[in-house]
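Enquirer: Quick one: this structure, given as structure tokens, is what I'll be asking you about.
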Amino acid sequence: MPAHEFESDTTTDPLAHERAHLAASRAALRAMREDAQALDIRDVTANWVNAAVLQAQIDERIKSLADLAHTPLFFGRLDYLHVVGAEEAEGAEGEQFYIGRRHVHDAQGDPMVIDWRAPVSQPFYRASRKAPLDVGRRRRFGYTGGDLTAYEDEHLTDPAEAEQTSKLLQAEIERPRVGPMRDIVATIQPEQDEIVRSELGGTVCVQGGPGTGKTAVGLHRVAYLLYAHRERLARTGTLVVGPNRSFLHYIEQVLPALGELEVKQATVEDLVTAQIEVRGADEAPAAVVKGDARMAEVLRRALRSHVTPPTEPVMVVRGSRRWRVPAYEIEEMVQELLARDMRYGAAHEALPQRIAHAVLVRMEQSGEAPDDRVQNSVARNPAVKAAVKAIWPAVDPAKLVLRLLSDAEFLAEHAEGLLTEDEQKAILWTRPARSVKTAKWSAADAVLIDEAADLVSRTHSLGHVVIDEAQDLSPMQYRAVGRRCSTGSATVLGDLAQGTTPWSTQSWEQALHHLGKADALVEELTAGFRVPRDVIAYASRLLPVISPGLTPVESVRESPGSLSVREVTELDAAVVAACEESLTHEGSIGLIAADARIPALAEALTAAGHTYLSPGQETTAESRLTLVPASLAKGLEYDYVVLDEPAAVVDGEPDERTGLRRLYVALTRAVSGLTVLHATPLPEELA
């Protein structure tokens, strides 16, 4: 399966033919964009509101048709053995289809490029010699910048052709990482494609070690679902949840490159801080307790404690008549609402209507004929409103959490049998805040307030939510995300071995239970496409300690000489020298170090005349070195990584297991080469 380079520009040259098709496809895409820009909506909209909505849709359409100069419009071609049905090929007829990032058609509406998500494109990822799926030839294209420079053919039904590894596929996987994360539509593997094309109705959990492409798989699943269920997801919404802003910035261009512009991105903190501002931080023991699922029941008990059984009847005066509802009858209403386990706020709204209904029954029994307007009027009667305020008062979620964390007796009452005395002491504030506004809320407190808010009134549910680096979420954070897809589905992405929070999940079964998706399908990706074999094998020495029983990643990348472990005496100088050595190679360079070491290394780099970026800043050809605190390295990748003092990375965490997991993350960020420098002994698991 040799890769064919461009040799001559004659019409008989297949590469010249493919270049001509690329040029024609780009011209067709420009025409599609110009057609969208030329649309005149003045005569088709009834009012300015409709006009604004329609214009916004057209603007989005124009954006989605942008031709990105350095992004290949198509990356493959399928030659079918038989004619494919028109309904399967987006209106196309014939045996040959170009597979690309988006659909492109000519002036007659005939497709020139088929969207990679279309059913007819699926064999590009799934076809094999054992199951050719009616494909005679699969052609891959190689690009330099935006120019088509090579092609490679695989004849799936030719027994004389030996099976080989695709050189173009390998080159695309190993292409240097400059700039943000890019899509993988040209390199999706069969086991990844199965996850990408799984249906919207079900939740999928992907356990994947470093370099298995789990993040890319999750993002491409979103793109596929938006293609297959666009109208439904346009109504319900789609969200990607990432661990931090640096990570979200790193991945933010993947979906727009695939023509998808409507997907929102957020951290868990973004989701839960609508009511308060996070200005404080918890010690690890307090954060662990606050993140425990038992806190949901503590909050539920505390909220319900505000319900007080009635002791007095309600007397409603209308004109010259008085209507009396006895206390025992109101208590029956209260008990019924409690038994139904309604949202607290919904029950608060329902109780005055129940009391009003009881009054209407008495009116009807006396010969009157009241209607719904009378019932609503009675529900707003001062006597009814006063009774409801006393029996089922409105509760502010933030004030409820404030009281729990400030009032030891209130907490003890509602945490009895759930939290130990030590756990209660861990979460109680030593200096209680006077008000919601003056409190120094932590990120864990914000999640508690979000839980309380959901107990009061239901959180809006989206159609699909992607959670990346999910192993680091606490049970209460899982609940917070789960509320936002309670009537939708989710894609859960993570690696148990990379759990670096004190509350990180021990199993996907537990995590999915807290998410509210216990029936989710769990898939495991074990083939590594990013991290070189020597590097992942070295990092995997930590697995028996940090995550026993987890299957090590098997890298498909040989890359001899990609790992260098050096003991040095002058650490700072050696790190600068290693960065300079890495900069002689093409691609991005990440200098990863324990957070406490960052200031010293920043000073050393500056003194040596090197500028550097912070995580999340986009690398360019002129600025390729990023200084990365170990705490922010997760999810990022660099062509070459220099890792400073592994022991310091481990010591920077509250316990050894978490430290070794943080080290595992740092060791697996390299795409082409890893240099480990240490002046103190390595952790014994690596020695």
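Enquirer: Need the full-extension length gain, residue 412 to residue 230, defined as separation in residues times 0.36 nm minus the C-alpha distance. One decimal, nm.
Expert: Roughly 60.6 nm would be gained on extension.
Enquirer: How many angstrom lie between the C-alpha centres of segment 521-582 and segment 263-281?
Expert: 33
Enquirer: Okay, moving on. In terms of modelled amide H atoms, which long-range or inter-chain residues lie less than 5 Å from the amide H of residue 99?
Expert: Here the answer is 75, 76, 77, 78, 114, since their amide H atoms fall under 5 Å of that of residue 99.
Enquirer: Given the whole protein assembly as supplied and a 1.4 Å probe, what does the accessible area of residue 62 come to in Å², nearest 10?
Expert: Looks like 30 Å² after rounding.
Enquirer: How big is the Kirkwood radius of segment 184-323, worked out from every pair of different alpha carbons and given in Å to one decimal?
Expert: About 19.8 Å for segment 184-323.
Enquirer: Rule-of-thumb check for segment 90-172: C-alpha Rg over 2.2 N^0.38 Å?
Expert: 1.17
Enquirer: Under the definition of Cα pairs under 8 Å and six or more residues apart, what whole-number percent is the relative contact order of segment 583-687?
Expert: 31
Enquirer: In debye, nearest 20: dipole of segment 505-588 around its Cα centre with unit charges on the Cβ of K, R (+) and D, E (-)?
Expert: 220
Enquirer: On to the next question. Remind me, relative contact order of the chain in percent, using alpha carbon pairs under 8 angstrom and six or more residues apart?
Expert: It comes to 14 percent, rounded to a whole number.
Enquirer: Measure off, as a whole percent, the carbon and sulfur share of the 1.4 Å-probe accessible area of the chain, all protein chains present.
Expert: Result for the chain: 50 percent of the exposed heavy-atom area is carbon or sulfur.
Enquirer: Right, another one. So what's segment 368-487 giving for Cα Rg divided by 2.2 N^0.38 Å, two decimals?
Expert: 1.43
Enquirer: Nothing charged except the Cβ atoms of Lys and Arg (+1) and of Asp and Glu (-1): what's the magnitude of the dipole of the chain about its Cα centre? Round to the nearest 20 debye.
Expert: 2880
Enquirer: Now a separate question. Please give the per residue volume of the convex hull enclosing the alpha carbon atoms of the chain, rounded to a whole number of Å³.
Expert: Here the figure is 222 Å³ per residue.
Enquirer: If you take the charge dipole of the chain about its Cα centre, with +1 on Lys and Arg Cβ and -1 on Asp and Glu Cβ, which of 76, 417, 310 is farthest toward its positive end?
Expert: 310
Enquirer: For a protection proxy built on the mean count of beta-carbon atoms within 10 angstrom, sort 194-204, 625-635 highest first, please.
Expert: In descending order of packing, they fall as 625-635, 194-204.
Enquirer: May I ask you to list the lysines whose Cα is less than 17 Å away from that of residue 214, ignoring any residue fewer than eight positions away on the same chain?
Expert: Straight-distance partners of residue 214: 634.
Enquirer: Something else now. Report, ordered by chain and residue number, the aspartates and glutamates lying within cross-link reach of residue 440, taken as a straight Cα distance under 13 Å and ignoring same-chain residues fewer than 8 apart.
Expert: Excluding near neighbours in sequence, the set is 277, 282.
Enquirer: May I pose another question? Residue-wise, which Karplus ³J(HN,Hα) couplings in Hz belong to segment 461-470, taking 6.51 cos²θ - 1.76 cosθ + 1.60, θ = phi - 60°, and x for glycine or proline?
Expert: 9, 8, x, 7, 10, 9, 10, 9, 6, 5
Enquirer: Stretch residue 331-residue 53 to full length: gain in nm at 0.36 nm per residue minus the Cα-Cα span?
Expert: Length difference between fully extended and current span is 95.1 nm.
Enquirer: Answer with one residue from 325, 103, 113: the one whose Cα lies farthest towards the positive end of the charge dipole of the chain, charges on Cβ with Lys, Arg +1 and Asp, Glu -1.
Expert: 325
Enquirer: Once you have the Kirkwood Rh of segment 577-687 from its Cα pairs, apply Stokes-Einstein at 37 °C and 0.692 mPa s and quote D in µm²/s.
Expert: 235
Enquirer: Then there's this: For segment 180-219 and segment 113-147, what is the centre-to-centre distance using only Cα atoms, to the nearest Å?
Expert: Comparing the Cα centres of segment 180-219 and segment 113-147, I get a distance of 17 Å.
Enquirer: If you line up the long axis of helix 443-456 against the longest principal axis of the chain, both from Cα atoms, how many degrees apart are they, to the nearest 10?
Expert: 50
Enquirer: What's the ranking of 499-512, 385-398, 662-675, 211-224 by average number of surrounding C-beta atoms within 10 Å, highest first?
Expert: Final packing ranking: 662-675, 211-224, 499-512, 385-398.
Enquirer: Here's another thing I want to ask about it. Can you tell me the dipole magnitude for segment 251-346 around its Cα centre, using point charges on the Cβ only (Lys, Arg +1; Asp, Glu -1), in Debye to the nearest 20?
Expert: Charge dipole, segment 251-346, about its Cα centre: 780 debye, nearest 20.
Enquirer: Can you tell me which of 129-139, 28-38 comes out highest on packing, and rank the rest after it, using the mean Cβ neighbours within 10 Å?
Expert: In decreasing order of mean packing, 129-139, 28-38 become 129-139, 28-38.
Enquirer: OK, next. Among 369, 379, 400, flag the residue with its Cα farthest along the positive direction of the charge dipole of segment 354-408, charges on Cβ as +1 for Lys/Arg and -1 for Asp/Glu.
Expert: Farthest towards the positive end: 400.
Enquirer: Tell me which lysines have Cα within less than 24 Å of residue 437's Cα, excluding those fewer than 8 residues away on the same chain?
Expert: The reachable lysines, counting only those whose Cα sits under 24 Å from residue 437, are 290, 399, 425.
Enquirer: Also, I was wondering about something else. Counting C-alpha atoms alone, how compact is segment 117-239: give Rg to one decimal and Dmax as a whole number, in angstrom.
Expert: When restricted to Cα atoms, segment 117-239 yields Rg and Dmax of 16.2, 52 Å.
The values are calculated or read from the model by the stated rules, or taken from the named source; none is laboratory data. All figures in this text were calculated on a predicted structure; none of them were measured in a lab. All Cβ positions, glycine included, derive from the backbone under ideal geometry; neighbour counts span all protein chains shown. In case anyone asks, the SASA skips ligands and DNA or RNA and just uses the protein heavy atoms, side chains included. Shrake-Rupley method; radii C 1.70, N 1.55, O 1.52, S 1.80 Å.
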